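For reference, the structure discussed in these notes is given below.
The values are calculated or read from the model by the stated rules, or taken from the named source; none is laboratory data. These figures come from a predicted structure and were not determined experimentally. Don't worry about glycine lacking a Cβ; one is built from the backbone with ideal geometry, like all the others, and counts go over all protein chains shown. Note: accessible area is taken over every heavy atom of the protein model, side chains too, but ligands, DNA and RNA are not part of it. Shrake-Rupley method; radii C 1.70, N 1.55, O 1.52, S 1.80 Å.
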Amino acid sequence: MATQQRYTGLIERYRSRLPVSASTRLISLCEGNTPLIRLENIPRLIGKDVDIYVKFEGLNPTGSFKDRGMTMAVTKAVEEGSQAIICASTGNTSASAAAYAVRAGIKAFVLIPEGKIALGKLAQTLMYGAQIIQINGNFDAGMNIVKQIADHAPVAIVNSINPFRLQGQKTAAFEIIDELGGAPDYHCLPVGNAGNISAYWMGYTEYAQDLPGLPAVTDRRPIMCGYQAAGAAPFVAGKMIDHPETVATAIRIGHPQSWDLAWKAQQESGGWFDSQTDQQILAAQKMLSQYEGVFCEPASAASLAGALQDIGSGKIPEGSRIVCTLTGNGIKDPDIAISQCKDAHPVTIEANLEAVKKAILDSM
Ligand SMILES: *Cc1c(COP(=O)(O)O)cnc(C)c1O
């Protein structure tokens with residue numbers, strides 16, 4: 001009797017396209033295989049004939065797309081004999097590195113900017129038992145130190161400068177093509193270090209070469225649209241910036257590590273970079289929650305905020321099929337969420353039927 005293969009993670013699923021061998025011990029938490037949710041209410045709300053899907057990466061094991069890269073990076077670190085990994089992080093990389101290190105039975109060190117990490121991400125990293133090193137500086141400063149540390153201590157770097165990270169992350173593009181039967185017309189992403197936009201482009205390009213029945217490889221890939229926070233937008237400025245600021249802490253980065261790869265993705269796809277104010281990002285986050293039931297973290301909403309702006313201006317034309325990556329789960333940043341809902345104070349009433357009935361009827 002045929003039994004269906006249990007899903008055991010993205011390395012197993014896309015094994016032939018990833019740098020593993022038959023004897024590699026896979027370090028996996030069943031990451032990937034995330035839902036591609038078609039928006040139903042927002043296109044109607046904005047009155048545009050567009051097909052928008054969100055790739056909800058917040059449903060990965062530690063709540064962000066970082067798990068796609070981490071399963072590969074930690075698998076390879078273990079294969080190469082590493083006993084410890086290290087990363088600089090705005091929060092999600094540290095949570096992911098910590099979880100996969102536990103799974104592998106090795107140690108994780110994480111450098112985080114003091115006071116600038118969302119509460120849920122800190123809680124995760126503490127629970128997974130990583131060695132947290134808070135630094136009196138931002139992500140870029142931490143990254144700078146991590147890049148030098150490997151020469152001084154026996155630790156493997158699992159930031160996205162580790163090429164295995166992008167290998168794992170490219171599988172998100174494979175999943176989208178597998179599900180839609182082809183690439184979307186536009187793919188919108190939030191951009192921080194720009195590893196993810198680079199990885200998607202690698203994935204689309206690799207898969208496009210195998211897609212049958214279409215005229216040319218260039219027609220089988222989406223136009224890539226990268227959106228940054230206005231206060232942390234080096235790709236829009238065209239140069240590195242020194243004091244990035246945004247409420248979207250996951251993309252509070254002024255010195256992106258995948259600078260050249262991301263420009264390549266932009267140029268080859270005919271895409272663009274643009275920026276959104278914190279206010280626009282938060283409005284898009286709330287809109288996704290309140291009109292679609294999808295709760296992502298602030299940084300993630302930059303993709304939809306950007307898409308909506310470019311749909312509104314006609315830069316992304318009607319009739320387009322668009323995918324927006326929602327990079328992380330909204331539950332990770334409860335402080336921002338609650339501060340966004342100041343008007344929605346819960347009412348407190350007596351604990352009896354009459355009072356509850358009145359509360360319901362009063363607000364219908
Ligand atoms: C890491 C991260 C990003 C930025 O991804 P890059 O690859 O650094 O551009 C965006 N959103 C969330 C939630 C993240 O964790």
*FRET efficiency for Q267 and A84, Cβ-Cβ distance as r, R0 = 35 Å, nearest 0.05?*
0.40
_Out of all DSSP beta bridges in the chain, what portion is antiparallel? Express it as a percent rounded to 5._
15 percent
*Can you give the helix-only mean residue ellipticity at 222 nm for the chain, where every DSSP H stretch with n ≥ 4 adds -39500 (n - 2.57) and the sum goes over all residues, rounded to the nearest 500 deg cm²/dmol?*
-11500 deg cm²/dmol
*aspartates and glutamates near K358 by alpha-carbon distance under 19 Å, same-chain residues fewer than 8 away left out - which ones?*
E350
*asked:* Charges on Cβ only, +1 for Lys and Arg, -1 for Asp and Glu, centred on the Cα centroid of the range 66-162; of A153, A104, M127, which one is farthest towards the dipole's positive end?
replied: M127
_Using a probe radius of 1.4 Å on heavy atoms only, what accessible surface per residue do you get for the chain? Whole Å² is fine._
44 Å²
_Contact order normalised by length for the chain, with contacts defined as Cα pairs under 8 Å and 6 or more residues apart; what percent is it?_
18 percent
*In whole angstrom, note down how far apart the Cα centers of the range 1-40 and the range 78-150 are.*
25 Å
_If I model a spin label as a point 7 Å beyond the Cα along the Cα-Cβ vector, how far apart are those points for L361 and E206 in nm?_
6.3 nm
*Loop trypsin sites (Lys or Arg not before Pro), the range 288-364 (other Cβ atoms within 10 Å of the site Cβ: 16 or fewer; DSSP)*: K315, K342
*For the chain, state the average projected area of the convex hull of the C-alpha atoms over all orientations, rounded to one decimal in nm².*
22.6 nm²
_Just to confirm the filter: which GluC sites (Glu not before Pro) across the range 303-354 are DSSP coil and have at most 15 other Cβ within 10 angstrom of their Cβ?_
E318, E350
*Set the Förster distance to 30 Å, then compute FRET efficiency between T3 and A150 from the Cβ-Cβ distance, nearest 0.05.*
0.10
*Between the DSSP loop rule and a limit of at most 12 other Cβ atoms within 10 Å, which GluC sites (Glu not before Pro) in the range 11-76 are left?*
E40
*Would you pull out the residues with amide H under 5 Å of Y53's amide H, same chain only if 5 or more places away, H placed 1.01 Å from N?*
L39, I322, V323, C324
_Please list, in order, the residues from the range 108-138 whose amide nitrogen is less than 18 Å from a point placed 7 Å along the Cα→Cβ vector of I331._
118-129
*What translational diffusion coefficient, in µm²/s and rounded to a whole number, does the Stokes-Einstein relation yield for the range 225-364 at 37 °C and a viscosity of 0.692 mPa s, taking the hydrodynamic radius as the Kirkwood radius over Cα pairs?*
192 µm²/s
*Using a 1.4 Å probe over the heavy atoms of the protein chains, calculate the carbon and sulfur portion of the accessible area of the chain as a whole percent.*
53 percent
_Cross-link table K48/K342; K239/K286; K55/K170; K55/K342; K48/K264; K116/K170, entries beyond 23 Å C-alpha to C-alpha_ = K48/K342; K239/K286; K55/K342; K48/K264; K116/K170
*Step through the residues of the range 47-64 one at a time and calculate ³J(HN,Hα) from phi using the Karplus curve (6.51 cos²θ - 1.76 cosθ + 1.60, θ = phi - 60°), rounding each to whole Hz and writing x for Gly and Pro.*
x, 10, 8, 9, 9, 10, 10, 10, 8, 8, 6, x, 9, 6, x, 9, x, 8
